[in-house]
Amino acid sequence: MAAIRSRTRLLRVLAIIAVVAVVVTAAAVTFARANRSRHLVANFAAAVGIYPGSDVRVLGVAVGSVDSVVPQGEQVRVEMSVDDDVPLPADATALVVTPSLVSDRYVQLAPVYTDGPRLADGAVIPVDRTAVPVELDELFSSLDRLTVALGPDGANSDGALNELLDSTATTLDGNGKRLGDLVRELGKAAHTLSGSQQDLFTTVDSLQKFTTMLAANDAQLRSFDEQLATVSQFLAGERQDFAAALAELSTALGTVQRFVQDNRARIKSNVDKLAGTTRLLVEQRASLEEALDRAPKVLTDLLGAYDTAHGRIDVRANLNEFSLVPPPPLPSAGGVR
């Protein structure tokens, strides 16, 4: 009995040891997978607010952290660890993002990977593919310099800025709606240009071909330019004759103007009659077309019928043509035919 109990206790101990071993192994594998990451380096022009432990994100989702921040001359070397299961494009960029004035900054990797080569372990993102936000002190310093430049010791030393503002206020006074319409139309024009960018590119390409053609025909263009210069010199030499002709033309135009003024009623009457005649011709256009189409044949037949020897026109009536025409109605008496 004691032997059975000892064997049972041994089996229990072995089972507990096996379960513990499985749990430890699974935890170790999970920990190893969770800690498998790639090491990346990004060179920034500045790294204000970035410290070891700062987040590395893609689309705002944390995918790693900053390992170290080391200044190197005029750049800052930022080493990062990123989860190995997060794909990144080979031409990825790194940006220092400031969500707000009080929150911590983080490094944003962009763009999102779609296809193509991936960023390898140990890759270095150069400074021309990184960006940092403008600092508040730099912004305030720029505003201060702008204020001084526009102040009484700068552009407004003689009141020029005040005059500009007064003139602008006077010009825009009461024109707010027009200015708004102008901005709206400019927006529509920009939208149209955006939708027609292919046409714009085609136009630029055509211009490039045109300039290439001009370059290939430089000799002909020079010859044309010389001929144009000769014509210009000729016109310049005859400018007095042209001036005299223009003066005579001015006199003639004055005479015509006086004639029109003196005979305005008659001209109007003639124009009205001409309009009636034109309208009649338009209404009889089909008849005129038929007459003009048949006139040459009629004249030819008439010339053929003329007897030059006897000085007469020989004609013959075809009375059979009237046999097919129904007789005209006879007049009726008292309503009875």
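The values are calculated or read from the model by the stated rules, or taken from the named source; none is laboratory data. All figures in this text were calculated on a predicted structure; none of them were measured in a lab. Cβ coordinates were reconstructed from backbone atoms using ideal geometry, including for glycine residues, and neighbour counts include every protein chain displayed.
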Given the conditions (1) surrounded by 12 or more Cβ atoms within 10 Å (Cβ to Cβ); (2) under 22 Å from L88 (Cβ atoms), and given that E135 satisfies all but one, which numbered condition is not satisfied?
(2)
Going through segment 97-144 in order, the residues found to be modelled with pLDDT of 85 or more, in a loop (DSSP other than H, G, I, E, B), farther than 17 Å from A62 by Cα and β-branched (V, I, T) are T114, V132
Complete set of residues in segment 90-109 that are surrounded by fewer than 15 Cβ atoms within 10 Å (Cβ to Cβ) and either touching a residue at least 40 places away in the same chain (Cβ under 8 Å) or not assigned by TED's automatic domain parsing to the domain that holds V41 (or both):
D104
Single residue of segment 39-72 satisfying the filter (over 22 Å from L136 (Cα atoms) and among the β-branched types (V, I, T)) that is surrounded by the most Cβ atoms within 10 Å (Cβ to Cβ):
V56
If G116 satisfies all but one of (1) without any contact (Cβ under 8 Å) to a residue 12 or more places away in the chain; (2) of a type outside the set (A, V, I, L, M, F, W, C); (3) surrounded by fewer than 11 Cβ atoms within 10 Å (Cβ to Cβ), what's the number of the condition it fails?
(1)
Pick from S65, S141, S81: which is small (G, A, S) and farther than 14 Å from S37 by Cβ?
S141
